[in-house]
Amino acid sequence: MSGLLNFSSNMFVVAFFLYCAAFILFAVAIMGRRWSNRDPESHRRKWGNIAFGVSSLGLVLELTYFFTRWAGGGHIPVSNMYEFMSFLSMMVMVAFTVVYLIYRKTILGLFAVPITIIIMAYAAVFPQEVQPLIPSLQSYWLKIHVTMAAAGESFFAIAFAAGFMYLLRTVNFSSTDKKDRRQQRWVEIVFFSIILVISFIITVFAFRAAGYESVFTQTKASGTAGQTTSVTQTVEYKLPPIVAPYQSKIESYQPFLGMTKPLFSAPSWMNGINAGRKFNTIIWTVISGIILYGILRLIARKPLGRAASPFLDGIDPDDLDEISYRAIAIGFPIFTLGALIFAMIWAQVAWGRFWGWDPKEVWALICWLFYSAYLHLRLSRGWQGRQSSWLSVLGFLVVMFTLVGVNLVIAGLHSYAGTN
């Protein structure tokens, strides 16, 4: 089976580069028409069709990766963070393909395809070995619950792309009015949030390529009163340790930029397993994000929202608003079935209760309530345009925290999904 798994991994890599090529071609279709001596609309259609063909080929190869990994691993590949995020990236492309075939909006590819690229790159941060399913995952409900939840979330991603494009198209970036300035700041915050994810990926891969590693031992007391025992564990850092684990000792330390030891230790309330390392990762993500954002601002010589806005000239904002709404309307019932109803049935089968206030369950409910509120405000209160777009953008940020933040930061019954 190793040959099949190697072939599967190669298909994933090739699909990634095809998506990158498709993104460049979508950019040529949108930006190149400005300098085309012929009919700009003909230029857009020609290159847009080529870009969509390349992205579709990438989707075929990613589907090949998915099914060959399933065959080689013996179970559906959605059981850990690498597999789930890879599957989510594939479903985002499926959702994009469906929406593109309905609306034929080339500009959508310029924003939707990068979401897939970022998710695939984020997936590659995690260990990629195939491991046997733990007992709690050995159920056919794994296929139903996880795949449908990811399918619903993929349409939320398309709604995010369309909603964010609407904001870039309609916010007046040249205005000095207080209300417009507030809108400009929030658009920039969304850009910075995206850059944080990208900078995290770049930072991890950079230090991984350099072979960086520092090791600590952490002693933690556990047990009840009168029966306390001490447990010593090894904590490996793949990023230079700005913050050391709580009550730890250095076993090996690789200096970086003159740092011969961590600047400080994690506070006492971060005494959990790997809590200090996660805090260190957050610090590095913020630092690298600020640096990357600053570089992009220097290149653009203006806020990123103002730099991106001109590329959407000529795009009907009402079309973008409609795409965002339709994507959520498609994704919401799928998400409801997968992330709530089928999840509760599986919880009853696995743990003997439908609901247990586990952090992942709570945040899945928060996501559902948020998009329920979106649909209510849209259909009953007439929230459209900018109000609706902000909700679609904020909603997907909540989804990503549920997928990433809850799995990797908050301990719970679903924590196994963040390990490998």
Can you confirm whether region 116-131 contains a residue that is part of a helix (DSSP H, G or I) and over 13 Å from the mean Cα position of the chain (by Cα)? no
Of all residues in region 124-176 being among the β-branched types (Val, Ile, Thr) and more than 30 Å from Trp186 (Cα to Cα), the one that is least open to solvent (accessible area, probe 1.4 Å): Val146
Being under 30 Å from Arg277 (Cα atoms) and at pLDDT below 90: is that true of Val349 here? no
Return the pairs, sorted by first residue and then second, in which the second residue is part of a helix (DSSP H, G or I) and among the aliphatic types (A, V, I, L, M), the first residue lies in region 263-280 and is in contact (Cβ under 8 Å) with a residue 40 or more places away in the chain and open to solvent by less than 40 Å² (accessible area, probe 1.4 Å), the beta carbons are less than 6 Å apart, and the residues are 6+ apart or on different chains. Gly276/Met270
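Count, please, the residues in region 184-211 that happen to be without any contact (Cβ under 8 Å) to a residue 40 or more places away in the chain and surrounded by 16 or more Cβ atoms within 10 Å (Cβ to Cβ).
Here is the first cut: in region 184-211, the residues without any contact (Cβ under 8 Å) to a residue 40 or more places away in the chain are 185, 189, 206-211.
Still in the list and also surrounded by 16 or more Cβ atoms within 10 Å (Cβ to Cβ): 207.
So the count comes out to 1.
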Kindly indicate whether any position in region 66-75 is touching a helix residue (DSSP H, G or I) at 6+ places or on another chain (Cβ under 9 Å), among the β-branched types (Val, Ile, Thr) and surrounded by fewer than 19 Cβ atoms within 10 Å (Cβ to Cβ). no
Those residues of region 346-366 which are open to solvent by 30 Å² or more (accessible area, probe 1.4 Å) and either out of contact with any helix residue (DSSP H, G or I) (no Cβ under 9 Å at 6 or more places or on another chain) or among the acidic types (Asp, Glu) (or both), in sequence order: Gln348, Gly352, Trp357
Return a yes/no flag: does region 95-107 have any residue that is over 25 Å from Met400 (Cα atoms), over 17 Å from the mean Cα position of the chain (by Cα) and of a type in the set (A, V, I, L, M, F, W, C). yes
Within region 158-176, can you find the residues that are among the small types (Gly, Ala, Ser) and in contact with a Phe, Trp or Tyr (Cβ under 6 Å, 6 or more places away or on another chain)? Ala161
Tally of residues being surrounded by 19 or more Cβ atoms within 10 Å (Cβ to Cβ) and modelled with pLDDT under 90 across region 281-302: 1
In the set Leu369, Leu394, the lone residue that is in a helix (DSSP H, G or I), at pLDDT 90 or above and surrounded by fewer than 15 Cβ atoms within 10 Å (Cβ to Cβ) is Leu369
Here's a check for you: in region 230-249, which residue that is closer than 15 Å to Asn280 by Cα and assigned to a strand (DSSP E or B) is most open to solvent (accessible area, probe 1.4 Å)? Glu236
Of Gly331, Gly305, the only residue that is touching a Gly at 6+ places or on another chain (Cβ under 6 Å), crowded, with 17+ Cβ neighbours inside 10 Å and either at negative phi or outside any helix (DSSP H, G or I) (or both) is Gly331
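The values are calculated or read from the model by the stated rules, or taken from the named source; none is laboratory data. Values in this document were obtained by computation on a predicted structure and should not be read as measured data. Cβ: placed from backbone, ideal geometry, glycine included. Neighbour counts: every protein chain shown. Just so you know, the surface numbers come from the protein's heavy atoms only, side chains and all, with ligands and any DNA or RNA stripped out. Shrake-Rupley method; radii C 1.70, N 1.55, O 1.52, S 1.80 Å.
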